[in-house]
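Heads up: the structure comes next, in structure tokens.
Every number here is computed from the coordinates shown, using simple stated rules; none is lab data. Quantities reported herein were computed from a predicted structural model and do not represent experimental measurements.
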Amino acid sequence: MTTTTTTTTKTTTTRALSFSLLFFFFLGSLRFEEANAYSHSTTSSDASSTDPEYYCVGVCETSVADAACGGDAANQRTTECNAYDSTSADKITLSQVGASALTDVKGFVGCKETSCASYCAMSGVTSEIPFKLMNLDGRNVICVVSGKTMFMTESQAVMHAYSKGCTGAHAMGDPAMYMAGATHTACDHSDATTTTSGAAYSSTMMSQNALAVSSACVASLVALLLLAC
């Protein structure tokens, strides 16, 4: 009698534990789907809502301390121009960025998007002609098309980087094309905050997804083993 009661109790406990683990598996699966869907929707909405109408770069013609974005340093993405000389790690070929007419250049600095919207409204830049030198009240600005991320030359990618408030370029693919930033994520900080937070959230969500799946798989395996006993 005692043996039967003990066996029955053990079986009931085992089944209860098994169903609890299966329930945990179910919740883990739901968490995975929720996290995955939210991650994708956040990234997509950020990408479509934060691209400015134009990017642009002010030309510093006196020194790297020039206020090259309309004469007001507050319009600049960085406090000082990126030097255009032998000391710079970034090599720019002016003819490749629509600026062959420039003769005296000390550096370049990215201008904020509100300024670029005004400076570049009449520039006519396109994916085929992504750069256009504009002269506004005696100040030179290079307008850069928005939405284009891959460029034929390193100079173009570097200029795109400057327009976003970062530096450098890196090659992608074979044959190589070039993107802004010394690495693939080097310019992520320079766009709107929502883009950065969206990218960071996506990374966090990926970790959470992996944890949810791993936990659910372990729970399922244990539950099946217990049910088999």
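Restricted to Cα atoms, region 52-191 shows a radius of gyration and a Dmax of 13.4, 43 angstrom.
Run the numbers for Glu53 and Thr185: contour at 0.36 nm per residue of separation, minus the present Cα-Cα distance, in nm. Length gained, Glu53 through Thr185: 45.4 nm.
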